[in-house]
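What follows is a short report on a single structure.
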Amino acid sequence: MPRDILLEWVADAEGLIVNNSVAVNEELLQNAPRLKVIAQMAVGYDNVDIEACSKYNIPFGNTPGVLVDATADLAFSLLLCSARRIHEGWDFVRANSWALGHKLSFGIDIAGKTLGIVGMGQIGAAVAQRAKAFGMNVIYYNRNRRHDDDKIGVAYQSFENLLDKSDAIIVLTPLSQETRGLFGREEFRKMKSTAYFINVSRGPVVNTDALVEALQSGEIAYAALDVTDPEPVAQDHPLLKLSNILITPHIGSATVETRTAMAQITVDNLLAGLADRPLAACVNA
Ligand code: DGY
């Protein structure tokens, strides 16, 4: 929805459902004097000024919990698809290269490799569970060390050590002031030249120019991204000219079951807010 129309329409609104492409900020809240609740159909809320929502006494709801498995599946699928060059294989078959006896480059085994997870919340733990079932050694970095990491079977490392030791890195950290640009030139330089880099969190956690350079120069081997900066990625963007990359269009939670559950929580949050009841999932409760 164009911003000017949104600003016009919220003037009368008591409830608002948004997704994370909408900037929920002072400007929007000032234009919405009757607003009682905002329900976002996403777990991440880096598009929202939470302090401003609280200042205007507006509860802001999100959809935690229900998208853990879907997002972990997507993250792990990106690792498997990159490691085994699934989409190159499909392009190869479609281009008749198989019949013509051409060669396709090999992938890598993931069993026995070290996976570094950056951001060890619920989704991180679910990715770790999958990785361990595939015979990977899992290390992680998180702002706070998890007290149950022994139970999950993952080893805490400093960020530097994780960059140095990982054969593949999966990024799951939320976007915040501390994580914006977390992966830049220096970080890619510290990774193995054989490393796979997978981002399922938010595009701006990565400096895109630095990633392009790292992939072009062979500083790292391969990237798989479900999120980009900006989104959608432009057709003429250098990322799309690389051969060692796989990009999906921000589909971490895009399964029928998960999106249905997210929609249900969103509507429940909205109705609760309109009825002055506490929201089931409220960020600024
Ligand atoms: C989320 O819920 O935050 C997903 O990334 C979808 O935007």
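The values are calculated or read from the model by the stated rules, or taken from the named source; none is laboratory data. Note that the coordinates shown come from a computational prediction; the quantities given were computed from them, not determined experimentally. Note: ideal-geometry Cβ built from the backbone for every residue, glycine included; neighbour counts use all protein chains shown.
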Could you list all residues from region 244-255 that are under 15 Å from C81 (Cβ atoms) and within 16 Å of the ligand (Cβ to nearest atom)?
-> I247, T248, P249, I251, G252
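Residue-by-condition table, conditions (1) in contact with a strand residue (DSSP E or B) (Cβ under 7 Å, 6 or more places away or on another chain); (2) of a type in the set (S, T, Y); (3) within 17 Å of G116 (Cβ to Cβ):
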position	(1), (2), (3)
R143	no, no, yes
R146	no, no, yes
D164	no, no, yes
D167	yes, no, yes
L172	yes, no, yes
L175	no, no, no
G184	no, no, yes
V200	yes, no, yes
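For every residue, the table says whether it meets (1) within 16 Å of the ligand (Cβ to nearest atom); (2) at pLDDT 95 or above; (3) hydrophobic (A, V, I, L, M, F, W, C).
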position: V205; (1), (2), (3): yes, yes, yes
position: V212; (1), (2), (3): no, yes, yes
position: Y222; (1), (2), (3): no, yes, no
position: A234; (1), (2), (3): no, yes, yes
position: L239; (1), (2), (3): no, yes, yes
position: L242; (1), (2), (3): no, yes, yes
position: T266; (1), (2), (3): yes, yes, no
position: N269; (1), (2), (3): yes, yes, no
position: N284; (1), (2), (3): no, yes, no
Among A131, A155, which is the only one that is aliphatic (A, V, I, L, M), closer than 20 Å to V68 by Cβ and more than 16 Å from the chain's Cα centre (by Cα)?
-> A131
Surrounded by 19 or more Cβ atoms within 10 Å (Cβ to Cβ), at pLDDT 95 or above and away from the ligand (no atom under 16 Å from the Cβ) - does that describe any residue in region 96-112?
-> yes
Yes or no: G44 exposed (fewer than 14 other Cβ atoms within 10 Å of the Cβ) and farther than 14 Å from A224 by Cβ?
-> no
Collect the residues in region 1-48 that are under 22 Å from L279 (Cα atoms), among the hydrophobic types (A, V, I, L, M, F, W, C) and more than 28 Å from the chain's Cα centre (by Cα), keeping them in residue-number order.
-> V10, A13, A32, L35
Mind checking which residues of region 203-218 are buried (at least 24 other Cβ atoms within 10 Å of the Cβ), closer than 21 Å to P174 by Cβ and either not β-branched (V, I, T) or not assigned by TED's automatic domain parsing to the domain that holds L239 (or both)?
-> L211
Would you be able to tell me the number of residues in region 235-282 that are in contact with a helix residue (DSSP H, G or I) (Cβ under 7 Å, 6 or more places away or on another chain), loosely packed, with under 15 Cβ neighbours inside 10 Å and in a helix (DSSP H, G or I)?
-> 0
Long-range neighbours under 7 Å by Cβ, at least six apart or interchain, first residue in contact (Cβ under 8 Å) with a residue 40 or more places away in the chain within region 267-285, second aromatic (F, W, Y) and outside any loop (DSSP other than H, G, I, E, B) | C282/F60; V283/F60; N284/F60
The number of residues in region 165-185 that are polar (S, T, N, Q) and surrounded by 15 or more Cβ atoms within 10 Å (Cβ to Cβ) is 3
Being within 16 Å of the ligand (Cβ to nearest atom) and either over 29 Å from S166 (Cα atoms) or of a type outside the set (S, T, N, Q) (or both), is that true of even one residue in region 48-58?
-> yes
